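Q: Before anything else, here's the structure in question.
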Amino acid sequence: MKHSISIFWRLKDNHYKIYVTKCGDCGRVASLKRLKCPYCGSRNVEHVESRGFGELINYTVSYYRTEGSEQYLPRVVGLVKLDEGPVIVGEITDVDLNELSIGTRVEAVLRKYSSEDPNGLIYYGLKFIPVIKK
Amino acid sequence: MVGSGVTKVDRHYDKNYLVLIDEAVGKTLANSGLDASDIEYLIVSTAFSESILNQADPSTYIAQNLGFRNVKALTVSSGEVSGAVALDYAHALIRSGKASRVLVVGFEKMSEYPSWVINRVYSKILEYEVEGIKNVAPSDYAALIMNDYMRRYGVSRESIIKWSIKMHENAVKTPHAQLQFTISADSLSKALRISEPLTMLDSHPTSDGAAALLLVNESVAKKAGTTPIELVDVESSVNLPIYLRDDLTYFSATAAAYKRLSSRNGVKLTTNTAINVYDTYDIYGLLTIEALEICARGEAVKCVDEMPYLNVGGGLKARGHPVGATPLYQVHELRELMSGTSWVKYDGDISLAHAMSGPDNNAWLILLKGWV
């Protein structure tokens with residue numbers, strides 16, 4: 001799929017980093033850098049960079065084929081509850097499906113989103129892998 | 001509403017969108033006492049004509065090719081609820097007195113390309129800059145929601161498929177339905193997986209089709225050759241993206257829209273009310289009848305067998321999902337039911353169509369009533 005280069009540059013804080021949006025009015029925290037609080041609509045928000053660690057709270061093994069996705073199937077798509085509180089959707093990669101379970105600790109890593117651009121461009125962004133024990 | 005017509009939902013490789021629409025419009029205008037030259041507004045709903053057919057504003061070319069003269073033509077595109085939004089606009093034009101004869105036409109051609117191309121197009125119903133760019137698919141969300149529902153309420157995977165079994169049974173009796181065959185729970189283990197635990201048996205098919213509805217004011221309706229059905233009210237609401245929801249198993253946009261619609265019109269749905277809801281995936285159908293307060297939360301599977309007028313056309317699951325036309329198919333099926341031309345007899349006064357884009361991201365309700 002062809003993506004706009006400027007989109008990846010413009011959205012770098014949501015695809016090369018993870019931010020959370022803290023609301024100064026209702027107090028809720030949402031994933032991603034946002035103009036307004038999605039819960040109460042307030043502009044009184046603070047953007048805080050996440051450490052990129054969290055817990056897998058739900059996931060699916062997906063065989064849904066889209067143009068250019070063949071080489072990545074099956075993919076694991078999951079919801080990750082970040083240590084900062086909010087939930088983010090993302091792909092879980094580099095994982096043995098037999099060892100994956102709800103509650104797995106995961107961390108964000110830079111990986112390839114797609115590479116089927118007609119001009120040969122490769123698009124990167126953040127995915128999650130099980131936490132590497134050091 | 002004094003007329004409606006649909007094409008068979010199918011993979012119409014041999015027909016372009018104009019041929020499909022011509023058939024649906026012809027059926028709609030028949031017996032209405034009106035022809036194309038009487039139509040004041042032509043409102044066209046499609047979700048993906050720009051993506052799939054490379055056609056912006058198809059309403060112009062429908063008017064040019066199908067004999068609409070001096071008509072005000074426009075296109076409505078609002079994801080999977082395009083048809084409901086088009087109906088709301090038509091309803092407002094009639095109610096305000098700005099128009100007395102409005103034709104709403106919906107269509108989609110989802111079989112123009114192989115499934116892996118169309119799957120990418122269909123995924124545009126999610127937020128591109130957040131979900132689309134990461135290749136998150138609509139079926140992935142349905143799977144996550146199904147997981148949560150089964151865990152929270154102790155519902156088994158095998159029991160959820162009851163919804164799809166009923167939809168296929170209804171589709172067998174519906175001439176315009178796409179999947180006119182029955183399925184059984186035994187097939188579940190062999191079914192093609194989409195996003196685990198979701199399989200092909202839980203999902204809508206890829207569909208082409210066109211549907212049309214003719215809305216007129218009261219004085220025109222009295223002269224029509226058919227018994228009119230009243231479009232009483234339209235209501236809608238928007239939900240948060242699912243990763244920001246506190247509870248994935250509650251369709252709060254559908255619930256909020258229903259509370260407003262119910263309160264304003266003094267209606268309450270029961271298991272005996274004719275409803276036609278969006279079951280893009282069977283789990284969505286179950287959550288919708290809970291959000292509409294017909295069944296208690298976690299109990300929808302038990303209700304399905306007690307609802308004789310649930311998705312009588314087979315739902316998106318088995319009638320099919322020609323996206324821009326789907327809400328119009330739903331209303332057409334309810335109109336047939338209320339005017340006594342459906343395969344099942346219905347004595348109720350009201351009926352309700354429910355449409356939504358994605359997993360309750362944008363939910364719309366259309367309330368119909370028999371003509372008094």
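Q: Among rounded, prolate and oblate, which fits the stretch A:5-130 when a ≥ b ≥ c are the square roots of the eigenvalues of its C-alpha gyration tensor, a/c under 1.5 means rounded, and a/b larger than b/c means prolate?
A: oblate
Q: Which whole-number percentage describes the relative contact order of the stretch A:5-130, with Cα contacts under 8 Å and a sequence gap of 6 or more?
A: 21
Q: Which of these, B:S339, B:S156, B:S100, has the largest mean-square fluctuation under a Gaussian network model of chain B (Cα springs below 10 Å)?
A: B:S156
Q: Just report the Cα centroid separation between the stretch B:305-372 and the stretch A:79-103, whole Å.
A: So the separation of the two Cα centres works out to 38 Å.
Q: Quick one: which residues, 5 or more positions from A:G90 or on another chain, have an amide H under 5 Å from its amide H? H modelled 1.01 Å from N in the peptide plane, none for Pro or chain starts.
A: A:G78, A:V80
Q: To the nearest 20 Debye, how big is the dipole of the protein assembly as shown about its Cα centre, given +1 on the beta carbon of each Lys and Arg and -1 on that of each Asp and Glu?
A: 680
Q: Can you tell me, using C-alpha contacts under 8 Å and at least 6 residues apart, the relative contact order of the stretch B:1-79 as a whole percent?
A: 31
Q: Comparing A:I92, A:I57, A:I18, which has the greatest mean-square fluctuation in the GNM of chain A with Cα pairs linked when under 10 Å apart?
A: Taking springs between Cα atoms under 10 Å, the residue moving most is A:I57.
Q: How much accessible surface area, in Å² rounded to 10, belongs to the heavy atoms of B:W343 with a 1.4 Å probe?
A: Solvent-accessible area, nearest 10 Å²: 90 Å².
Q: Return the whole-Å distance between the Cα centroid of the stretch B:139-166 and the Cα centroid of the stretch B:181-219.
A: 16
Q: Can you pull the accessible area of B:D247 for me, 1.4 Å probe, Å² to the nearest 10?
A: Using a 1.4 Å probe on the heavy atoms, I get roughly 30 Å².
Q: Taking amide H positions as placed in the peptide plane 1.01 Å from N, state which residues far from B:V76 in sequence (5 or more) or on other chains have amide H under 5 Å from it.
A: It is B:V44, B:S45, B:T46, by chain and number.
Q: Further, regarding this structure: Using a 10 Å cut-off around each Cβ of peptide B:239-247, what is the average number of partner chain Cβ atoms that fall inside?
A: 4
Q: Please state the relative contact order of chain B as a whole percent: Cα pairs under 8 Å, 6+ residues apart?
A: RCO, chain B: 26 percent.
Q: Output the antiparallel fraction of DSSP beta bridges having both residues in chain B, as a percent to the nearest 5.
A: 70
Q: Taking the DSSP beta bridges in the stretch B:271-372 as the whole, what percent of them are antiparallel, to the nearest 5?
A: 65
Q: Tell me the trypsin sites (Lys or Arg not before Pro) within the stretch B:38-112 that lie in a loop according to DSSP and have at most 12 other beta-carbon atoms within 10 Å.
A: B:R69, B:K98
Q: Let me ask another. Please give the average number of partner chain Cβ atoms lying within 10 Å of the Cβ of each residue in A:88-98, rounded to a whole number.
A: For this peptide, the per-residue mean of nearby foreign Cβ atoms is 2.
Q: I've got another one for you. How far apart, in nm, are two points set 7 Å out from the Cα along the Cα-to-Cβ line at B:V172 and at A:E107?
A: Result for the modelled spin labels: 5.7 nm.
Q: Enumerate the calculated ³J(HN,Hα) couplings along the stretch B:188-195 in order (Karplus 6.51 cos²θ - 1.76 cosθ + 1.60, θ = phi - 60°), each rounded to whole Hz, writing x wherever the residue is Gly or Pro.
A: 4, 5, 9, 5, 4, 7, 10, 9
Q: Another question, if that's okay. Mean-square fluctuation check for chain B, GNM, Cα pairs under 10 Å: which of B:T75, B:T280, B:T60 is largest?
A: Its mean-square fluctuation being the largest, the pick is B:T60.
Q: For the stretch B:162-214, run through the trypsin sites (Lys or Arg not before Pro) and keep only the ones in DSSP coil with at most 14 other Cβ atoms within 10 Å of their Cβ.
A: B:K173
Q: Moving on to the next point. What residues qualify as long-range amide H neighbours of A:V45, i.e. H under 5 Å apart, gap of 5 or more or another chain, H built at 1.01 Å from N?
A: Here the answer is A:G24, since their amide H atoms fall under 5 Å of that of A:V45.
Q: Can you give me the distance in nm between label points at B:W343 and B:V117, each placed 7 Å from the Cα along the Cα-to-Cβ direction?
A: Each label point is offset 7 Å from its Cα along the Cβ direction, giving 3.4 nm.
Q: What nm value, rounded to one decimal, do you get for the distance between A:N44 and B:R11 when each label is placed 7 Å out toward the C-beta?
A: Taking the simple label geometry, A:N44 and B:R11 are separated by 5.7 nm.
The values are calculated or read from the model by the stated rules, or taken from the named source; none is laboratory data. Quick caveat, the model's predicted, so the values are computed rather than measured. When we count neighbours, we look across all protein chains shown, and the Cβ atoms used for this are built from the backbone with ideal geometry, even at glycine. For accessibility, only protein heavy atoms count, side chains too; no ligands or nucleic acids. Shrake-Rupley method; radii C 1.70, N 1.55, O 1.52, S 1.80 Å.
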